Amino acid sequence: MTICGRDLIAKCDSIAKFSESSSDTTRTFLRPAMHQVHDFLGDWMRSLGMQVTIDAAGNLRGLHQTAPASARRLLIGSHLDTVPAAGAFDGVLGVVLGVAIVEALKDIHLPLDIEVIGFSEEEGVRFGVPFLGSLALIRKLDQTLLALSDRQGISVAEAIRQFGLDSNQINGATVHPPTIGYLEFHIEQGPVLEHLNRPLGVVEAIAGQSRYRTEFAGAANHAGTTPMHLRRDALAGAAEWITSVEAQARGIGGLVATVSAAHSEPQAGNVIAGVVRTSLDVRHASDEVRRHAVDEMLQQASQIANRRKLSFKADLSLDQSSVMMDLFLTSLARRACLETGCEAPVMISGAGHDAMIIAQEIPSAMIFLRSPGGLSHCPEESVLSGDVDLALAAGIHFVREFSNH
Ligand SMILES: [Zn+2]
């Protein structure tokens, strides 16, 4: 094998220069910078003899066909869009690893075709809805989503047209029928693997999420003249609840709960807060555990509010079920990591990924690479070249094993 982790990191760094901003890496759904990414990766794919197409959702697709063409196909990929001021590896590394696996295996006869996909959209930055690229593969990039508009009033359908594609052809962007598995490599974007001192991890499930907007309401009043026992302080009530959410989450294995935004009114140093609005984000691999925990958190908020003579309300803004990765492919991924000498822990992904969309239709597996410092969604995001070497080797083992089944 000639291509190595350092080459792949160099490719990710090159792709990071294709940006809609001059000062950082920002690449949202089908802005012109995505043409440069497609050209860069498409040239590499074509040099390996792959057939390169861009589907109507703007996904880059490169097909490596065995001769004669196999009746079975493995899809490998991740996303090519980024958050604003992003790092070079989130998403892109999974696509680059897919092409590198083809490069390493192209001269070996495998009874399996490999399609590498670079999804056009996963982060949800431009239209506020994530996974536009992978949703197209399972026929869920529907008219409602195509009609969404960005801050300039440009719809998804119009963005597709401006990129030189035809949204009326969106049905052609689905998973191709011989596809029997999906493999996604992704940086962990968290500190767990680094903490365990392991280069790779295998994802068994992507956590479900509950999101709420809450409001504590009391009475705004003079901070100097209102005695403590006659106050209805919304911020003190919210604060008590926020620490109780943290304490409850610490007591449930695998649960993460976050109140990250709190806005009080009227924001004056000499006025007791009358209203506080907060966020709540709760995630767990088990939907039952998550929903039960959320119920308890909201009950706790009501009790705190009652005791403090406040009112409390909570509006659900997201209830997303957890998604299991395929049991067989997950064990195959662990064995493939083990072949490289790496015992990969089984993990839950707290973040959403394209695999959670594709898994709804195709058996899917995900391999995480350690994120130094746990950093992601920032320019400091990085990856170790030795870990990329191992990921590539594991991917090659995975494809060889998979092709024998
Ligand atoms: Zn990502």
For this session: Taking the Cβ of PRO84 as the centre, find all other residues whose Cβ is under 10 Å away and add up their charges (Lys, Arg: +1; Asp, Glu: -1).
Result: -2
For this session: Assign one of three labels to segment 208-320, namely rounded, prolate or oblate, based on the Cα gyration tensor with a ≥ b ≥ c the square roots of its eigenvalues; rounded applies when a/c is under 1.5, prolate when it is not and a/b is larger than b/c, and oblate otherwise.
Result: prolate
Exercise. Relative to the first principal axis of the alpha-carbon coordinates of the chain, what is the inclination of helix 92-105, with its axis defined by its Cα atoms, in degrees from 0 to 90 and to the nearest 10?
Worked result: 20 degrees
Problem set entry | Volume of the Cα convex hull of the chain, divided per residue and given in Å³ | 150 Å³
For this session: For segment 173-269, count the residues as N, evaluate 2.2 N^0.38 Å, and divide the Cα radius of gyration by that value, please.
Result: 1.79
Exercise. R0 = 25 Å: FRET efficiency of HIS405 with ASP295, Cβ-based, nearest 0.05?
Worked result: 0.05
Exercise. Out of GLY269, ILE76, ILE396, whose Cα points farthest toward the positive end of the dipole of the chain (charges: +1 Lys, Arg; -1 Asp, Glu; placed on Cβ)?
Worked result: GLY269
Problem set entry | Charge dipole (debye, nearest 20) of the chain; +1 at Cβ of Lys and Arg, -1 at Cβ of Asp and Glu | 860 debye
Seminar exercise, completed: The distance between the Cα centres of segment 208-225 and segment 1-80, in whole Å, is 47 Å
Exercise. How many angstrom lie between the C-alpha centres of segment 317-385 and segment 249-272?
Worked result: 30 Å
For this session: Using a cut-off of 13 Å between beta-carbons, work out the net charge of the residues near LEU8 (Lys and Arg +1, Asp and Glu -1, LEU8 not included).
Result: -3
Problem set entry | Fraction of antiparallel bridges per DSSP, the chain only, in percent to nearest 5 | 65 percent
Exercise. Normalised by the residues of segment 208-320, what does the relative contact order come to in percent, with Cα pairs under 8 Å and at least six apart?
Worked result: 46 percent
Exercise. Against the longest principal axis of the chain, how steep is helix 287-307, in degrees 0 to 90 to the nearest 10, with axes from Cα atoms?
Worked result: 20 degrees
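Values in this text are rule-based calculations from the coordinates and carry no lab data. Everything numeric in this text was worked out from a predicted model, so none of it was measured. Cβ sites come from the backbone with ideal geometry, for glycine too, and all protein chains shown count toward neighbours.
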